[in-house]
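**Q** First the structure, which I've put down as structure tokens, then a few questions once you've had a look.
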Amino acid sequence: MSNLNQAMVEKYRNSFLQEVQANVEEGDWVKMCMQCGVCAGSCPMGPYWEHPPQEIFMMIRAGKREEVLSSDSMWMCTSCYNCIARCPRGLPITHIMHGLAHYADRLGLAPKEQPTRKFANKFWDNLTKKGRVNELKLGLALYFMNGFFEGIKVALANQKLGLNMLKAKRMSIAEMFGGHGVKDSNGLHAILKKAREIELAKADEFKG
Amino acid sequence: MADEIKIGAYICQGCGIGDRVDTAQMAQVAQRDAKASIAREHEFLCNAEGVKMIQDDIDNEGVNRVAIVACSRRAKTEAFNFQNVAITRGNIREGVIWVRPDTDEARETTQDMADDYTRMAVAECKYIGVPDNSEEAQYNRTIMVVGGGISGMTAATEAAKAGYPVHLIEKTGALGGAAAKSWKRIPQKSPYRDLEDTGVAELISEIEASDKITVHLNSTLTKTSGAPGRFSADITTESGSTTTENFGAIIQASGYSEYDANQLPELGYGKSPNVVTQAELDAMALEANGGPIKTKDGKDINSVAFVQCAGQRSEKEGHLSYCSGHCCMSSVKQAMYFKDQNPAVDTNVIYTDLRMPGAGGEDFYRGGQEKGVTFTKGSVSEVVTSGSELEVKFKDLILNEDTSEKVDLVVLATGQVANSGLNIDEVGQDEPGEWQSNPESILNLSYRQGKDMPQLTKGFNDSHFICFPYETRRTGIYACGPVRRPMDMQQAIEDAAGATMKAIQAVENAGKGRAAHPRAGDLSYPIFRREGCTQCKRCTVECPFGAIDEDEQRFPQFNEARCRRCGTCMGACPVRVISFENYSVDSVGQQLKIVDIPDEFEEKPRILALACENDAYPALDMAAMNKVEYSAFVRIIPIRCLGSTNLIWITDALNSGYDGVVLMGCQKGENYQCHFVRGSEIAHVRMSKVDDTLQSLSLEPERVSVHEVAITDIERAPQIINEMAETIENIGMSPFKF
Ligand code: SF4
Ligand code: SF4
Ligand code: SF4
């Protein structure tokens, strides 16, 4: 995995494209993009992306490995599926965006301070602990993501939402102490460990 | 016809005509004013009884000219199809009642219109006859195909399959042309993913096996003369021996040459052996024969860049301004040469606009992508050739940055240059008696207008690009393949089949003395009164089809089978010595003269509209079907082509008191729609001189207007007429009413 990160990429040669095809979820589709720009025009988050999907696909073909993998663009995807619905070539763009984000994260190239990434990691840690999301802990972790004082401010601002969630039984104070989970959390951890192994083995196979 | 002229006028009351106009008055007008011998009304002229009434008059009363005053000449042609008599039509339905409101106010002017069209139909009748068969007509089923590439070979086999003998002329020592120099072809069948064999070998063996096809290799044409049905060609071999063969029709499939890449030094051509054209890469692939393609110095190729539009779609000096249509597909094909052999080879197609035409184009593009061919939207500025590596510098148009790629091989997608022979607009024909064969000519025609087929633009042979793709400007000679427009193999094959069908048609029509498209079946031909001719040569020069040669005494010599019956020569002739049995300066001139011109104080102006029968007239008919109204003051006469307009018609009209003249022809210029190609254009030039006539009569120039009208101009054609009516209202009536 580490040497994968070092992979040398020549411009407009297919090496990075091949790397993406081998390692990124649905990465096989990247080559089928015909650069029509429909996805870029359809994305509601479009204005906030540095590189819309169309451009990301072109950058992959152009061998811009660093730029793509360290980009925060694909982290902007909200999974609205607009682009997938419209792409005339049928590319599963949303999935590719998440695939790229995930791959960049795995390689440690993803932008550290990207909020979506931070949230995703917290969500994952929270979920995998017991197999169920602990809303209270997740909420607090989120509030204090950017430091203690910031956290207090956010918590106060969202006071009403929190109380309403408690009232509607969407959240429970008891969650603070352990909280609910799946029956066999050891089993779950074993499954996740195995899955990770398989994935890493797949990545290792690819030598860049 | 020596018989005395006996005109019967038949006025229909059906389709609402009887309710709207006084047909009895029209019958009276026909006899009294226009001198018809018989005039009869019928309540439903096109039914069996009405038709029988006319036939009875022909059989028993000796009627030999029939004026049918009913619906448009474009309607009910089957019902009103009488043999051995001349027929004219007065258009009361589409021309009068459908374009005029049914009001008390309009009644009088509507009746005026109907009366005039009755007079006109009878007057025209007097001046036309039934054409005799052309004595020049000959029947020769043999078809000559010039060029042995994929187009020519397809044309030859198609003609042979239809039972027509073929002589196939090929300049080089082998059949196959550009296709034979290719390794594979772009797929022509679904799923359009994998490359196919060129099919050349099959075609050659089919030709060899056919007892109908005679192949002349290493041969060119040193002289072609005659006309459809009686072409004669001197076929000369490299060694100089000549045989003369006779043909009914000719197919020119002389193909293309690759653009000279030496004009592209900035793309590295000529500087490195590893910068090649598409044709050169195909030659390399042929040599590799399915194995890995190597550079010219025998090295492996790991990366290839395809530079699209090399020297094409560019306004730069020496570049081709057009798209050659096949090269994007060809680059995908050639990238597959590498990918199919070894998927690890990088192939990048750098394009500004990827154009994948045809049914399979898009699938083929996907096929390329599936095989890992990459596509980069970019414009290449330079190929740097220092050292063994090539660096392609380009602007990535998606990422908007100047960048470059290093590759082992660069392939330039250069375009097709038509092998259309001499540009006869630049290389004039030799004077009569001094004719000599020109080695640069493809056909070496003895025609007065030049040795090859005229070119439309960019060096391609003119073949009615927009409406009738195989109709060239030389009757009985059909162009197919890249000589008439850039195309790929699949298109060339289809093109060849189309041209072959046209050639067969030409053979059959010529045999019966009938005109070819667009007056297919017309038996008339130009009749020329030699005594009156001043040898001004206008007819010879203006004929869009080069039908007219010159005899030893420099008189025009009409080749009937080459003539398309457009009448351009008739319109051009200043002394009016050219006519047709069924169309003449008189047959139109007498119509416009018989129109009743009310005097100045009646406030009923008259507008003459001469409308092309191919587009403008049908447009007006369709306007009528849609009940689009137009001025009651117009009198419309259909003409064969605006090119047939003789200035005398305009002068006569103005002199006899018409207040305005409207001329409607087809679109001219590079995107012409004129059925006779140049007719409309020539007429526009001719009419630019009308101002002199107007000036000499002290009339306002607005009184004559010339328009380009398409068959779809259903609203616009009536509008043009109405605008003239308004103009007259503004400038006042003509002072020439007597
Ligand atoms: S799914 Fe993601 S990339 Fe696609 S349009 Fe929605 S936000 Fe944009
Ligand atoms: S919509 Fe599809 S084909 Fe078009 S640019 Fe986006 S991914 Fe490519
Ligand atoms: S009618 Fe037309 S085609 Fe025929 S000779 Fe005259 S100008 Fe030429």
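So that you can scan it fast, the table gives a plain yes or no per residue for (1) closer than 20 Å to B:Gly148 by Cα; (2) under 28 Å from the mean Cα position of the chain (by Cα):
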position	(1), (2)
B:Asn218	yes, no
B:Thr224	yes, yes
B:Thr237	yes, no
B:Ser257	yes, yes
B:Ala288	no, no
B:Ala310	no, no
B:Glu317	no, no
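**Q** Kindly indicate whether any position in the stretch B:201-218 is in contact with a helix residue (DSSP H, G or I) (Cβ under 6 Å, 6 or more places away or on another chain), in contact (Cβ under 8 Å) with a residue 12 or more places away in the chain and assigned to a loop (DSSP other than H, G, I, E, B).
**A** Scanning the stretch B:201-218, I find at least one residue that is in contact with a helix residue (DSSP H, G or I) (Cβ under 6 Å, 6 or more places away or on another chain), in contact (Cβ under 8 Å) with a residue 12 or more places away in the chain and assigned to a loop (DSSP other than H, G, I, E, B), so the answer is yes.
**Q** Within the stretch B:516-535, identify whether any single residue is surrounded by 24 or more Cβ atoms within 10 Å (Cβ to Cβ), over 23 Å from B:Asn133 (Cα atoms) and in contact with a strand residue (DSSP E or B) (Cβ under 8 Å, 6 or more places away or on another chain), and answer yes or no. Even if it seems obvious, please write down each step before you answer.
**A** Filtering the stretch B:516-535 down to residues surrounded by 24 or more Cβ atoms within 10 Å (Cβ to Cβ) leaves B:516, B:524-526.
Right, trim to over 23 Å from B:Asn133 (Cα atoms) and you get none.
Among the residues of the stretch B:516-535, not one is surrounded by 24 or more Cβ atoms within 10 Å (Cβ to Cβ), over 23 Å from B:Asn133 (Cα atoms) and in contact with a strand residue (DSSP E or B) (Cβ under 8 Å, 6 or more places away or on another chain), which makes the answer no.
Each row is one residue, and each column tells you yes or no for (1) open to solvent by 10 Å² or more (accessible area, probe 1.4 Å); (2) under 20 Å from B:Lys35 (Cβ atoms); (3) part of a loop (DSSP other than H, G, I, E, B).
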| residue | (1), (2), (3) |
| --- | --- |
| B:Asn84 | yes, no, yes |
| B:Val99 | no, no, yes |
| B:Tyr117 | yes, yes, no |
| B:Cys125 | no, yes, no |
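**Q** If you go through the stretch B:645-659, how many residues are open to solvent by 10 Å² or more (accessible area, probe 1.4 Å) and in a loop (DSSP other than H, G, I, E, B)? Give the derivation first.
**A** Step one: of the stretch B:645-659, the residues open to solvent by 10 Å² or more (accessible area, probe 1.4 Å) are B:647-648, B:651-652, B:655-656.
Among the residues that remain, those that are also in a loop (DSSP other than H, G, I, E, B) are: B:656.
Looking only at that region, the number is 1.
**Q** Pull up the stretch B:53-78, narrow it to residues that are in a helix (DSSP H, G or I) and over 27 Å from B:Trp98 (Cβ atoms), then point me to the one that is most open to solvent (accessible area, probe 1.4 Å).
**A** The first filter runs over the stretch B:53-78 and keeps only residues in a helix (DSSP H, G or I), leaving B:53-60.
Narrowing further to those that are over 27 Å from B:Trp98 (Cβ atoms): B:55-60.
Details: B:Gln55: 65, B:Asp56: 53, B:Asp57: 9, B:Ile58: 27, B:Asp59: 98, B:Asn60: 115 Å².
That would be B:Asn60.
**Q** Within the group A:Leu91, A:Leu127, A:Leu100, which residue is over 10 Å from the mean Cα position of the chain (by Cα) and either in the same structural domain as A:Cys39 (by TED's automatic domain parsing) or touching a residue at least 12 places away in the same chain (Cβ under 8 Å) (or both)? First the steps, then the outcome.
**A** Numbers: A:Leu127 fails: either in the same structural domain as A:Cys39 (by TED's automatic domain parsing) or touching a residue at least 12 places away in the same chain (Cβ under 8 Å) (or both); A:Leu100 fails: over 10 Å from the mean Cα position of the chain (by Cα).
Answer to the check: A:Leu91.
**Q** Would you check if there is a residue in the stretch A:90-112 being modelled with pLDDT of 90 or more and in contact with a Pro (Cβ under 6 Å, 6 or more places away or on another chain)?
**A** Yes.
**Q** Separate question: Just name the residue that is nearest to ligand 3 (Cβ to nearest atom) out of those in the stretch A:81-91 that are open to solvent by 20 Å² or more (accessible area, probe 1.4 Å) and not β-branched (Val, Ile, Thr). Full working, then the answer.
**A** Residues of the stretch A:81-91 open to solvent by 20 Å² or more (accessible area, probe 1.4 Å): A:81-82, A:84-88, A:90.
Narrowing the set further to residues that are not β-branched (Val, Ile, Thr) leaves A:81-82, A:85-88, A:90.
Working: A:Tyr81: 64, A:Asn82: 60, A:Ala85: 58, A:Arg86: 54, A:Cys87: 55, A:Pro88: 49, A:Gly90: 55 Å.
Per the criteria, the residue is A:Pro88.
**Q** Still on this model: Tell me which of these B:Ala561 doesn't satisfy, since it passes every other one: (1) touching a helix residue (DSSP H, G or I) at 6+ places or on another chain (Cβ under 9 Å); (2) under 23 Å from B:Asn133 (Cα atoms); (3) more than 13 Å from ligand 3 (Cβ to nearest atom).
**A** (3)
**Q** Open to solvent by 50 Å² or more (accessible area, probe 1.4 Å) and either within 15 Å of the chain's Cα centre (by Cα) or within 16 Å of ligand 3 (Cβ to nearest atom) (or both): does that describe A:Lys122?
**A** When the stated conditions are applied, A:Lys122 passes them.
**Q** May I ask you to verify whether A:Ile60 is away from ligand 3 (no atom under 16 Å from the Cβ) and either within 14 Å of another protein chain (Cβ to nearest Cβ) or open to solvent by 10 Å² or more (accessible area, probe 1.4 Å) (or both)? Let's see the steps before the verdict.
**A** Values: away from ligand 3 (no atom under 16 Å from the Cβ): yes; either within 14 Å of another protein chain (Cβ to nearest Cβ) or open to solvent by 10 Å² or more (accessible area, probe 1.4 Å) (or both): yes.
So A:Ile60 passes the test.
**Q** Would you point out the residue of the stretch B:662-686, among those that are farther than 24 Å from B:Thr651 by Cβ and more than 16 Å from ligand 3 (Cβ to nearest atom), that is most open to solvent (accessible area, probe 1.4 Å)?
**A** B:Glu670
**Q** Okay, moving on. Could you tell me whether the stretch B:343-353 includes any residue that is open to solvent by 10 Å² or more (accessible area, probe 1.4 Å), more than 42 Å from the chain's Cα centre (by Cα), on the phi < 0 side of the Ramachandran plot and away from every other protein chain (no Cβ under 14 Å)?
**A** Scanning the stretch B:343-353 turns up no residue that is open to solvent by 10 Å² or more (accessible area, probe 1.4 Å), more than 42 Å from the chain's Cα centre (by Cα), on the phi < 0 side of the Ramachandran plot and away from every other protein chain (no Cβ under 14 Å).
**Q** Of the residues that make up the stretch A:34-50, is at least one open to solvent by 20 Å² or more (accessible area, probe 1.4 Å), away from ligand 1 (no atom under 13 Å from the Cβ), within 14 Å of chain B (Cβ to nearest Cβ) and in contact with a Pro (Cβ under 9 Å, 6 or more places away or on another chain)?
**A** Yes.
**Q** Now a separate question. Looking only at the stretch A:88-118, which residues are in contact with a helix residue (DSSP H, G or I) (Cβ under 7 Å, 6 or more places away or on another chain), within 11 Å of ligand 2 (Cβ to nearest atom) and of a type outside the set (Lys, Arg)?
**A** Matches in the stretch A:88-118: A:Pro88, A:Leu91, A:Pro92, A:Ile93, A:Thr94, A:Ile96, A:Met97.
**Q** Follow-up question, since we're still on this one. Hey, could you check the stretch B:136-176 for residues that are open to solvent by 20 Å² or more (accessible area, probe 1.4 Å) and of a type in the set (A, V, I, L, M) and say which is nearest to B:Val507 (Cα to Cα)?
**A** So, considering only residues that are open to solvent by 20 Å² or more (accessible area, probe 1.4 Å) and of a type in the set (A, V, I, L, M), the one nearest to B:Val507 (Cα to Cα) is B:Ala137.
**Q** Residues B:Lys406, B:Lys371, B:Lys377, B:Lys393: which one is within 14 Å of chain A (Cβ to nearest Cβ), surrounded by fewer than 24 Cβ atoms within 10 Å (Cβ to Cβ) and touching a Leu at 6+ places or on another chain (Cβ under 6 Å)? Can you show your working first?
**A** Numbers: B:Lys406 fails: touching a Leu at 6+ places or on another chain (Cβ under 6 Å); B:Lys371 fails: touching a Leu at 6+ places or on another chain (Cβ under 6 Å); B:Lys393 fails: touching a Leu at 6+ places or on another chain (Cβ under 6 Å).
So the residue among B:Lys406, B:Lys371, B:Lys377, B:Lys393 that is within 14 Å of chain A (Cβ to nearest Cβ), surrounded by fewer than 24 Cβ atoms within 10 Å (Cβ to Cβ) and touching a Leu at 6+ places or on another chain (Cβ under 6 Å) is B:Lys377.
**Q** Out of the residues in the stretch A:63-80 that are of a type in the set (S, T, N, Q) and more than 14 Å from chain B (Cβ to nearest Cβ), which is farthest from ligand 3 (Cβ to nearest atom)? Reasoning before the result, please.
**A** Here is the first cut: in the stretch A:63-80, the residues of a type in the set (S, T, N, Q) are A:70-71, A:73, A:78-79.
Subset that is more than 14 Å from chain B (Cβ to nearest Cβ): A:70, A:78-79.
Working: A:Ser70: 72, A:Thr78: 69, A:Ser79: 69 Å.
Taking the candidates together, the pick is A:Ser70.
**Q** Would it be correct to say that B:Arg448 is open to solvent by 10 Å² or more (accessible area, probe 1.4 Å), outside the structural domain of B:Lys189 (by TED's automatic domain parsing) and not small (Gly, Ala, Ser)?
**A** Working: open to solvent by 10 Å² or more (accessible area, probe 1.4 Å): yes; outside the structural domain of B:Lys189 (by TED's automatic domain parsing): no; not small (Gly, Ala, Ser): yes.
So B:Arg448 fails the test.
**Q** So if I check each of B:Glu508, B:Glu494, B:Glu531, which one is assigned to a helix (DSSP H, G or I), more than 13 Å from ligand 3 (Cβ to nearest atom) and either among the aromatic types (Phe, Trp, Tyr) or closer than 21 Å to B:Val585 by Cβ (or both)?
**A** Working: B:Glu508 fails: either among the aromatic types (Phe, Trp, Tyr) or closer than 21 Å to B:Val585 by Cβ (or both); B:Glu494 fails: either among the aromatic types (Phe, Trp, Tyr) or closer than 21 Å to B:Val585 by Cβ (or both).
Testing whether each residue is assigned to a helix (DSSP H, G or I), more than 13 Å from ligand 3 (Cβ to nearest atom) and either among the aromatic types (Phe, Trp, Tyr) or closer than 21 Å to B:Val585 by Cβ (or both) leaves just B:Glu531.
**Q** For A:Ala104, state whether it is in a helix (DSSP H, G or I), open to solvent by 10 Å² or more (accessible area, probe 1.4 Å) and more than 10 Å from chain B (Cβ to nearest Cβ).
**A** Values: in a helix (DSSP H, G or I): yes; open to solvent by 10 Å² or more (accessible area, probe 1.4 Å): no; more than 10 Å from chain B (Cβ to nearest Cβ): yes.
Judged against the criteria, A:Ala104 is not a match.
**Q** Here is a list: A:Leu192, A:Leu188, A:Leu166. Which entry is under 25 Å from the mean Cα position of the chain (by Cα), farther than 21 Å from A:Leu107 by Cβ and not in a loop (DSSP other than H, G, I, E, B)? Steps first, please.
**A** Working: A:Leu192 fails: farther than 21 Å from A:Leu107 by Cβ; A:Leu166 fails: under 25 Å from the mean Cα position of the chain (by Cα).
Step by step, each of A:Leu192, A:Leu188, A:Leu166 is checked, and only A:Leu188 is under 25 Å from the mean Cα position of the chain (by Cα), farther than 21 Å from A:Leu107 by Cβ and not in a loop (DSSP other than H, G, I, E, B).
**Q** A further question follows. Specify which of the listed residues (B:Gly360, B:Gly415) is open to solvent by less than 50 Å² (accessible area, probe 1.4 Å), away from chain A (no Cβ under 14 Å) and in contact with a Ser or Thr (Cβ under 6 Å, 6 or more places away or on another chain).
**A** On the way: B:Gly360 fails: in contact with a Ser or Thr (Cβ under 6 Å, 6 or more places away or on another chain).
B:Gly415 is the lone residue from the list that is open to solvent by less than 50 Å² (accessible area, probe 1.4 Å), away from chain A (no Cβ under 14 Å) and in contact with a Ser or Thr (Cβ under 6 Å, 6 or more places away or on another chain).
**Q** Taking into account only those residues within the stretch B:288-307 that are part of a loop (DSSP other than H, G, I, E, B) and within 14 Å of chain A (Cβ to nearest Cβ), which is least open to solvent (accessible area, probe 1.4 Å)?
**A** Our first condition is that a residue be part of a loop (DSSP other than H, G, I, E, B); within the stretch B:288-307, this holds for B:289-302.
Add one more test, that the residue is within 14 Å of chain A (Cβ to nearest Cβ), and what stays is B:301-302.
On the way: B:Ile301: 12, B:Asn302: 90 Å².
So, considering only residues that are part of a loop (DSSP other than H, G, I, E, B) and within 14 Å of chain A (Cβ to nearest Cβ), the one least open to solvent (accessible area, probe 1.4 Å) is B:Ile301.
**Q** Condition test on B:Val541, is it part of a helix (DSSP H, G or I), under 25 Å from B:Ile682 (Cα atoms), away from ligand 1 (no atom under 16 Å from the Cβ) and not aromatic (Phe, Trp, Tyr)?
**A** Numbers: part of a helix (DSSP H, G or I): yes; under 25 Å from B:Ile682 (Cα atoms): yes; away from ligand 1 (no atom under 16 Å from the Cβ): yes; not aromatic (Phe, Trp, Tyr): yes.
In short, yes.
The values are calculated or read from the model by the stated rules, or taken from the named source; none is laboratory data. Only a predicted model underlies this, so the values are computations on that prediction, with no experimental measurement involved. Reconstructed Cβ throughout: ideal geometry from the backbone, glycine too, with neighbour counts over all protein chains shown. Each accessible area value is taken on the protein alone, full model and side chains, heavy atoms only, with ligands, DNA and RNA left out. Shrake-Rupley method; radii C 1.70, N 1.55, O 1.52, S 1.80 Å.
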